[in-house]
Each structure stands twice: as structure tokens, then as C-alpha cells.
Amino acid sequence: MTDAARPNALGAPRSAFFPSIQGLRGLAALTVVFAHLYAMPMLAGFLPPLPGWLYKVFDTGGHGVELFFMISGFLIPASLVRHGRVLTFMYDRCLRILPVFIALHLVVFTLGPIAGYKFFKGIDAGTYVELFLVNLFFLPDALGLPIAQQNAWTLSYEWAFYIWFAAMFVAYRAPSRWSMLGLGLVALAAVGYRPNSAFFGIGVVFGLLSFRFPVKGGLGLLVAIASFALMFGLMEYVSVWLALIPGFVLFAVVLTPESGFAEFLSARALQFVGKISYSMYLVHPFVLYPLQIVGRKFAEAGMNLWLLWGGFVVLGLALILIASTLSYEIFEVRLRGAIDRFLGKRWDVEQTEVQQRA
């Protein structure tokens, strides 16, 4: 999401800009990318032998998604309050999420069967249509059906959080508090069913409170690195619930401007990666998939595995950066802006007609 403080076509203000949050987005996306730079060669059979501890480090990389959950928990409630209306809030969320997702969704369901993507093996026309619609509306996890875009499972969590908080926003304004109690029980049930969704709660807490962790400079950097490693390690090997503690400390340090970690996250490179992080998160498997196929064939032909993996990593990172930047510019900026202008004009016309009829 771009965080410029200008209004959109519906007149709703954009969210405030947090450099450290932007950098954390970039770091979260990179951890997922690095996890796949390890996992995809391993699955394809061209990952060279690595020290045991390094396997364990790479295995934790996918937990960058919990960083995204904390960021959403922090920013989304404030965004809804600023918008003041559920309709304009959901409109903004659709503009944020759908252009890139739908473009890639169409790529999967048109080119996937041609490319031999295993997702489509052995399905008939009816199942194809069912999976197309279920994945389009972010329902595979809820319905126990396969996910076409493997990384898109997190978007189901995001939409569930958007809808839940929007319902809470409406319930808060209602005379009765029973609906809020009911929604609170729904949240507890959701966290019990999917414990990693509790990381949304960390962001919500920091959005409601002004608490910050009083660490500055190098000490803040050390505390953040330790919390980061502990959170990822506990998530993967011990307990999601225990991982919430270092996750809380990590986010507190991120929001402390004087901490060395906040300064690190504000570096120009991480700011750029944070800007394109949503595109990077969704696009990078599409970039790496052809390289994975080629790598498998070269490995079967007897090529050196270290050379193969090194080429996969270097070329993969370069292509990911290019593809993510293009996706951001085309879909998140240009297409999103065009849709916003088109729907904004229609909205203005409809509102004028309503006022004239009144």
C-alpha cells in the first residue's frame, strides 16, 4: 500500500506513513523469498548439502507472514476509523488487494494447465470452475480446498480480519454491546482454530496504546535481532503462543524511532522493498517456478549443484526484483489509479443523483 496522505476518489484520507513499518514489510517479504530460494531447489533436487543448522534457519523463513499480520493489526483499525465508513474502507481494501491478485489468478488458471502445473492434474471442467471461483473469493482454506496461489492463503486471513474489524466497528456504534461480545468470542474461536492469527492482536494492541520499548541505538538493534530470531524459532519448532512474547517485543522496538532497528528499517533499500513488498510476496513464486524446472533438468544432467543453486539464487533475486517493480508500477499504481478514478466518478454521479432525489 502506498502511504501518501492524499485522499482517494471517495474522499477518504490515506494512512499515515511509518518508515519503520514500511521497512518491516520489506523484511517480511524478503524472509519469505529466501525461504523459497531454499525450499524450491530442495523439492526439485538441486539443493546442495548444507550444514544442519542452516536447514533449520531456512525453515523458519516462511514466518515472515506473521510480521505482515502484526502490521495489518496495527494499521487496519486506524484506517477504518479514518475512513469513518465501512463501505469506503472496503473499497480501499479491494483496490489494495485485488489488482495484483486477480491478474495472477488469471495467469494461474489460463497458463497453469498449459504449463503442467500440478494443481490442475486430474480435474474435470466442473472442478476447474469450482476451484476458480473458490480461489477468486479467498475461500480455499475455509472450505478445505486446494490453493492455486500458494502464498495467497494469507490473504484469506487478511480478509477475515478486515471483515471482523469492520463488524466490530459497526457493533461499537450500536446501542447494545452484546454484538461486540459475540464478535469477541468469534475472534477467540478463530485464534484457537488458527493460532498464528493471534499476531493480528499484537498490532491491534499497539494501535490502541502508545506503549513503546525504551531502547535506543545499538541496544535496540540487538534486542530486535534477538526477538526476531526467537520469534521465528519458537514459531517453527516450539509454540506459536510462546512466539507472541518476542513478537510483541520486536514490534515495540520497530515502533521506537530512536532504536537502531527502526533506523535500519528506514534504510533506502528496505524502504523500496517495502513499497513493492505486496507484489514481491505474490509474484516471486511465478518468477522462480520456471527456474525451478530448468534447475531440475540441469541437475538430472549432472551439473554441479552448488553452481546450480547459486545461479538460481542470483538470477532469481534479480528477476524477482524486476518483476515485483513492474507489478507494483502496472497493477498497484497505474491500474489501481485508473480503477479509483473510474469508480470515483461513478460514485460522485450516484451521490449527486441521491441528493437530487432527496
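The values are calculated or read from the model by the stated rules, or taken from the named source; none is laboratory data. Keep in mind that this is a model prediction, so the values were computed, not measured. Using ideal geometry, Cβ is built from the backbone for each residue, glycine included, and neighbour counts are taken over all protein chains shown. Ligands, DNA and RNA are stripped out before the accessible areas are found, and what is left, the full protein with its side chains, is counted by its heavy atoms. Shrake-Rupley method; radii C 1.70, N 1.55, O 1.52, S 1.80 Å.
Taking first residues from the stretch 141-155 that are β-branched (Val, Ile, Thr) and partners that are buried (at least 18 other Cβ atoms within 10 Å of the Cβ), the Cβ contacts under 6 Å between residues at least 6 apart in sequence or on separate chains come to 147/140; 154/65. Residue 314 fulfils the conditions (1) surrounded by fewer than 16 Cβ atoms within 10 Å (Cβ to Cβ); (2) within 18 Å of the chain's Cα centre (by Cα) except for a single criterion, (2). Between 170, 186, the distinction of being part of a helix (DSSP H, G or I) and more than 23 Å from residue 83 (Cα to Cα) belongs to 186 only. Does the stretch 196-214 contain at least one residue that is among the charged types (D, E, K, R), touching a residue at least 24 places away in the same chain (Cβ under 8 Å) and part of a loop (DSSP other than H, G, I, E, B)? Checking the stretch 196-214: at least one residue is among the charged types (D, E, K, R), touching a residue at least 24 places away in the same chain (Cβ under 8 Å) and part of a loop (DSSP other than H, G, I, E, B).
Would you pick out the residues in the stretch 215-241 that are part of a loop (DSSP other than H, G, I, E, B) and under 21 Å from residue 256 (Cα atoms)? Result: 215, 216.
Within the stretch 173-183, the only residue that satisfies the criterion of being more than 18 Å from residue 73 (Cβ to Cβ), assigned to a helix (DSSP H, G or I) and either hydroxyl-bearing (Ser, Thr, Tyr) or touching a residue at least 12 places away in the same chain (Cβ under 8 Å) (or both) is 179. Among the residues making up the stretch 86-115, those that are open to solvent by 40 Å² or more (accessible area, probe 1.4 Å) and either over 17 Å from residue 140 (Cβ atoms) or touching a residue at least 12 places away in the same chain (Cβ under 8 Å) (or both) are 86, 87, 90, 94, 102, 107, 110, 111, 113, 114, 115.
Of all residues in the stretch 227-267, those being open to solvent by less than 30 Å² (accessible area, probe 1.4 Å), aromatic (Phe, Trp, Tyr) and over 18 Å from the mean Cα position of the chain (by Cα) number 1. Of all residues in the stretch 65-75, those satisfying the criterion of being surrounded by 23 or more Cβ atoms within 10 Å (Cβ to Cβ) and either modelled with pLDDT under 95 or more than 11 Å from the chain's Cα centre (by Cα) (or both) are 73, 74. Reported count of residues in the stretch 39-64, each being in a helix (DSSP H, G or I), open to solvent by less than 10 Å² (accessible area, probe 1.4 Å) and either more than 23 Å from residue 321 (Cβ to Cβ) or of a type outside the set (Gly, Ala, Ser) (or both), is 1. In the stretch 103-158, of all residues being polar (S, T, N, Q) and either touching a strand residue (DSSP E or B) at 6+ places or on another chain (Cβ under 8 Å) or part of a helix (DSSP H, G or I) (or both), the one that is nearest to residue 189 (Cα to Cα) corresponds to 156.
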